[in-house]
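Encoded as structure tokens, the structure appears first; notes follow it.
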Amino acid sequence: MRAVRVWFKKEGRAKYLSHLDMNRCFTRAVRRARLPLWYTEGFNPHPYLNFLAPLPLGQESAAEPLDMKIEGEITGAEIEKRLSAVLPEGIEVTAAADPADEALSIAMAEYGVSLLFGEGRTAAAFAEKSGELIKSGLLTAEKTGKKGRHKVQKQINICEHIFRYEISASGTVCSLKATLPCGSQSNLNPSLMISALKRETGLAEELITIRRIRLLKEDFSEFR
Amino acid sequence: MLNPQLEACLQSVQKPGRYTGGELNSVVKDKDSIRLRYAFCFPDSYEIGMSHLGMKILYALANAREDTWCERVFAPWGDMEEQMRKRGVLLYGLESGDPIRDFDLIGFTLQYELCYTNMLNMLDLAGLPLESAERTALTPIVIAGGPCVCNAEPVHAFADIFLPGDGEEITNTLIDLLIAHKEKGSSKKEFLLAASKLPGVYVPSLYDVSYNGDGTVRAVTPQGDAPAKIKKSVVRDLDAMFFPESFVVPSVEVVHDRAVTEIFRGCIRGCRFCQAGFIYRPIREKSPETVDRQCRDICLSTGSDEISLCSLSASDYTKMEELLTRLVAWTDDEKINIALPSLRADNFPKELMEKLSGVRRSSLTFAPEAGTQRLRDAINKNVTEQEMLSTARQAFEGGWTSVKLYFMLGLPTETPEDVAGIAELAQKVVDEYYANPNKPKGKGVTVSVSVSSFVPKPFTPFQWEPQDTREQLEEKQRGLFSHIRTKKISLSCHKTQTSLLEAALARGDRRLAAVIKTAWEKGCRFDGWDELFNFGFWEEAFMEHGLSVAFYANRRRDCGEVLPWDHMDYGVSKEFLIKESKKAGENETTPHCRVKCAVCGADKLNGGECDARCKGLV
Ligand code: SF4
């Protein structure tokens with residue numbers, strides 16, 4: 001048995017699939033692709049699939065890692081080819097290889113957000129005001145956290161969690177790039193940041209695209 | 001791929017995954033190289049529609065044609081409807097995202113009466129006039145099939161064509177005809193006239209209905225040379241019948257997501273309340289070879305890990321042992337479960353049972369339907385208390401601790417003793433558990449009793465019967481609750497209002513079309529969903545058109561009355577139904593079809609053949 005890390009894109013229609021849906025799609029896909037996977041023991045055996053950084057519904061990703069356990073002889077290229085053929089539109093496997101990094105070393109993710117506004121003036125205003133808000137160092141949001149076994153609402157200051165950002169406007173589109181904590185230690189969903197900015201600026205977009213560009217380790221090097 | 005307006009809708013709704021399409025095995029074709037675009041509409045949620053076998057078959061069948069592209073459409077949930085209306089997004093096919101208004105053919109499957117308002121809502125969301133008469137262009141042609149079509153009168157105004165019976169063959173014939181007329185540039189009228197000449201096609205606009213002073217139907221008169229009786233379509237050979245090699249694999253969770261195929265069509269039992277038991281006759285079995293091959297194809301193409309064998313009564317399949325032997329030969333290695341609903345597994349050899357250990361044991365259920373043997377005889381539900389109790393005993397000995405029992409209240413001839421009998425039977429099952437010396441220590445038994453209300457349906461021996469009124473049904477429900485004296489029995493009763501509407505729509509006439517439209521205008525949608533059902537709106541709608549629910553639901557019909565569906569020929573003869581209804585009154589049973597053919601008449605639509613009779617007992 002050996003571990004294989006599969007990298008896939010999630011875009012277009014597929015971005016509306018939830019994490020649970022993704023699990024279902026891949027469980028079916030690995031069966032359909034007849035991959036020689038290791039199955040759990042027990043009454044209801046199932047393959048081991050571990051999505052390392054579950055993506056919230058509605059967001060795209062250029063490269064999502066998924067760990068599997070293989071029990072037969074098969075090359076990464078073969079896995080990539082067979083899986084891609086049996087996934088829903090918008091999910092595409094781009095690589096399958098031995099894992100280079102520990103799953104736990106994921107610390108941050110870089111996101112690209114594009115907001116489409118009704119008119120150019122609003123896009124520019126949103127970019128300008130948002131830049132000022134982030135620079136001011138205080139942007140609060142409510143976050144659902146866990147306290148023991150209970151869910152609790154807590155106030156956080158989003159600015160403390162932004163590692164890097166860039167914001168600009170061009171035409172009716174405002175583009176935002178942000179590096180935010182991601183992983184089991186600390187995590188910030190970019191849509192939380194966007195809703196806080198929308199609340200503070202009082203501006204609302206017509207259409208939004210949130211795309212995870214890559215995962216980073218603590219030293220800002222790319223997670224592989 | 002998705003247009004921005006649609007994306008904006010998706011960003012504001014719950015469960016957007018059901019509106020995106022793009023699932024594995026969904027069919028995408030080049031628009032320019034096909035001759036007909038078909039929107040197959042299921043008038044309920046994605047989760048329900050994607051679980052339906054008939055839709056999978058007809059979708060694949062139409063797409064197997066090079067000249068046709070068939071897409072799926074489901075009823076958008078309220079939040080999506082609101083977004084679509086707000087942003088001007090027209091109802092679209094999931095595969096292309098194109099508005100179905102521009103398609104050539106729009107097909108609905110009407111599986112239950114409570115989806116009628118969804119059908120209207122979908123036509124409206126598509127940007128089409130609701131009424132057939134107002135859609136004057138040749139295309140789109142709106143067709144409808146499914147069991148409700150045995151009495152399509154309440155929705156006659158909305159579809160151009162109804163297809164009673166099996167859809168597998170007639171769909172192709174109709175598509176051929178529409179392509180020919182489209183390319184010829186025919187008018188809609190010309191096409192409908194040509195279609196009405198095909199057996200198995202009902203064009204409601206070619207019939208006039210007149211009424212008597214008391215509101216009953218006087219006559220249904222065909223115009224021109226439209227046939228006086230419309231025969232339902234019957235597929236003769238299930239082995240030769242089209243079946244898909246793959247199913248669309250839903251990406252979001254649906255009700256049933258498994259490899260499913262039918263093992264036989266029709267039912268030998270003849271329970272007098274059961275519409276399905278009569279309208280799908282005669283009996284046609286599929287061979288174990290075919291079933292096995294179809295299951296294999298679907299498992300391979302979908303990656304499914306569960307097989308479900310579909311029929312009205314699986315234990316009546318004559319070659320079950322052979323079929324299971326074939327299936328377990330490969331499903332075991334592939335870690336595939338076989339779901340066997342309502343099957344008496346104790347009849348099979350031990351080795352087979354051991355191999356079937358992977359079979360997921362669904363909960364133990366019985367459907368005695370009635371509480372006393374007298375009433376079970378009257379409804380021809382041929383199961384005895386002894387059989388049920390001994391099966392329960394075996395199950396308890398095998399370690400089961402819960403049982404589900406299904407009953408109906410309001411069956412014809414029901415008395416207070418029959419109502420009390422439900423509680424007594426449930427109590428006997430409880431007693432059976434405690435009589436078992438080896439019962440698990442410290443564990444009690446749960447007997448769940450689920451009680452629905454009887455709904456009289458067309459093409460059953462009870463089609464002339466009145467449904468109990470709401471007051472009567474609720475009185476009986478209260479009575480039943482008072483008979484239950486232990487916490488081991490949990491009783492749940494269905495809402496009576498829903499059954500009342502179902503009864504009115506099931507046996508309705510053409511005047512109900514206006515009622516349905518008004519109810520839809522008032523906001524009725526998804527009437528089968530308790531949380532969305534608004535009976536008040538329906539009552540108002542009936543009243544506004546000078547009609548009453550009671551006239552349709554609670555009135556006893558005379559055997560001589562012209563019934564709104566009398567011009568439909570489902571094979572089963574009226575004489576047979578009258579005979580069965582008389583026998584019900586005398587508590588007399590009719591043996592099932594393999595003991596003796598009851599001469600129901602359904603075989604005549606199948607060249608005189610019926611598998612229950614010709615192949616006989618094995
Ligand atoms: S023809 Fe005879 S055997 Fe066949 S379904 Fe009818 S009654 Fe049963």
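Close amide H partners of A:Ala109, meaning residues 5 or more places away or on another chain with modelled amide H under 5 Å apart, are A:Leu180, A:Cys182, A:Leu216. Would you give the gap between the C-alpha center of region B:416-473 and the C-alpha center of region B:112-156, rounded to a whole Å? Cα centroid of region B:416-473 versus Cα centroid of region B:112-156: 37 Å apart.
Considering only alpha-carbon pairs that sit under 8 angstrom and 6 or more positions apart, the relative contact order computed for region B:4-227 is 16 percent.
Between 0 and 90 degrees, rounded to the nearest ten: what's the tilt of helix A:120-136 against the longest Cα principal axis of chain A? That works out to roughly 90 degrees. Between the amide H of A:Trp38 and those of A:Tyr48, A:Lys69, A:Ile70, A:Glu71, distances stay under 5 Å, these residues lying 5 or more places away or on another chain, with hydrogens modeled in the peptide plane. For the segment A:88-101, counting C-beta atoms of other chains within 10 Å of every residue's C-beta and taking the mean gives 2. Applied to region A:92-98, the Karplus parametrisation 6.51 cos²θ - 1.76 cosθ + 1.60 on θ = phi - 60° returns per-residue 3J(HN,Hα) values of 9, 7, 9, 6, 9, 8, 4 Hz, with x for Gly and Pro. Counting, for every residue in B:20-31, the Cβ atoms of other protein chains within 10 Å of its Cβ and taking the mean gives 4.
Sequence-distant contacts, meaning Cα pairs under 8 Å at least 6 residues apart, place the relative contact order of region B:540-618 at 26 percent.
For the protein assembly as shown, the share of accessible area belonging to carbon and sulfur comes to 50 percent (1.4 Å probe, ligands and nucleic acids excluded).
Judged by the mean number of other Cβ atoms found within 10 Å, the most tightly packed of the peptides A:151-157, B:374-380 leads the ranking B:374-380, A:151-157.
Under the simplified labelling scheme, the B:Lys31-A:Tyr48 pair shows an inter-label distance of 4.8 nm, with each label point 7 Å from Cα along Cα→Cβ. Along the axis of the charge dipole computed for the protein assembly as shown (Cβ charges of +1 for Lys and Arg, -1 for Asp and Glu, origin at the Cα centre), the listed residues B:Cys299, A:Met193, A:Ala141 are led at the positive end by A:Ala141. Using alpha carbon centroids, what distance separates region A:6-32 and region B:169-213, in Å? Using only Cα atoms, the two centres lie 44 Å from each other. Hey, quick one: spin label on B:Val599, modelled 7 Å out along Cα-Cβ, who in region B:556-585 has an amide N within reach, i.e. under 11 Å? Residues B:576 qualify, since their backbone N sits under 11 Å from the label point.
Here the dipole of region A:2-99 is about 260 debye; that uses its Cα centre as origin and unit charges on the Cβ of Lys and Arg (positive) and Asp and Glu (negative). Of all lysines in the structure, the ones whose alpha carbon falls short of 19 Å from that of B:Lys579, not counting any fewer than 8 places away in one chain, are B:Lys381, B:Lys457, B:Lys596, B:Lys604. Computed from the C-beta positions of A:Ala100 and B:Lys487, the FRET efficiency with R₀ = 51 Å rounds to 0.30.
Of interest is the spacing of the C-alpha centroids, which for region B:1-75 and region B:543-596 amounts to 38 Å. Taking every C-alpha pair closer than 8 Å and separated by at least 6 residues, the mean separation divided by the residue count of region A:105-216 gives a relative contact order of 46 percent. Between B:Leu90 and A:Leu20, the C-beta separation translates, for a Förster distance of 35 Å, into a calculated FRET efficiency of about 0.70. Remark: the B:Lys335-B:Asp67 segment gains 92.6 nm on full extension, using 0.36 nm per residue and subtracting the alpha carbon distance. Once both labels are positioned 7 Å from their Cα atoms along Cα-to-Cβ, the gap between B:Asn3 and B:Thr216 label points is 5.3 nm. Distance between the pseudo-spin-label points of B:Gln223 and A:Arg2 (7 Å out from Cα toward the beta carbon): 7.5 nm. Between the beta carbons of A:Ser170 and A:Lys147, assuming R0 = 41 Å, the FRET efficiency works out to 0.40 to the nearest 0.05. Between chain A and chain B, the total buried accessible area stands at approximately 2500 Å², from heavy atoms with a 1.4 Å probe.
Computed with a 1.4 Å probe on the full set of protein chains, the accessible area for B:Ser402 sits at about 50 Å². Just give me a number: lysine pairs in region B:4-227, eight or more positions apart or cross-chain, with C-alpha atoms less than 21 Å apart. Step by step, the pairs that qualify in region B:4-227 add up to 9.
Per-residue surface analysis assigns B:Cys41 an accessible area of about 0 Å², computed on protein heavy atoms at 1.4 Å probe radius.
Inter-chain Cβ neighbour count for A:13-25, averaged per residue, equals 6 (cutoff 10 Å, partner chain atoms only).
The mean accessible area for residues of the protein assembly as shown, using a 1.4 Å probe and ignoring ligands and nucleic acids, is 42 Å² per residue.
The values are calculated or read from the model by the stated rules, or taken from the named source; none is laboratory data. Everything quoted here is computed from the prediction, not taken from an experiment. Quick reminder, even Gly has a Cβ in these numbers, built from the backbone with ideal geometry, and neighbours come from all protein chains shown. Side chains included, ligands, DNA and RNA excluded: accessible areas come from the protein's heavy atoms. Shrake-Rupley method; radii C 1.70, N 1.55, O 1.52, S 1.80 Å.
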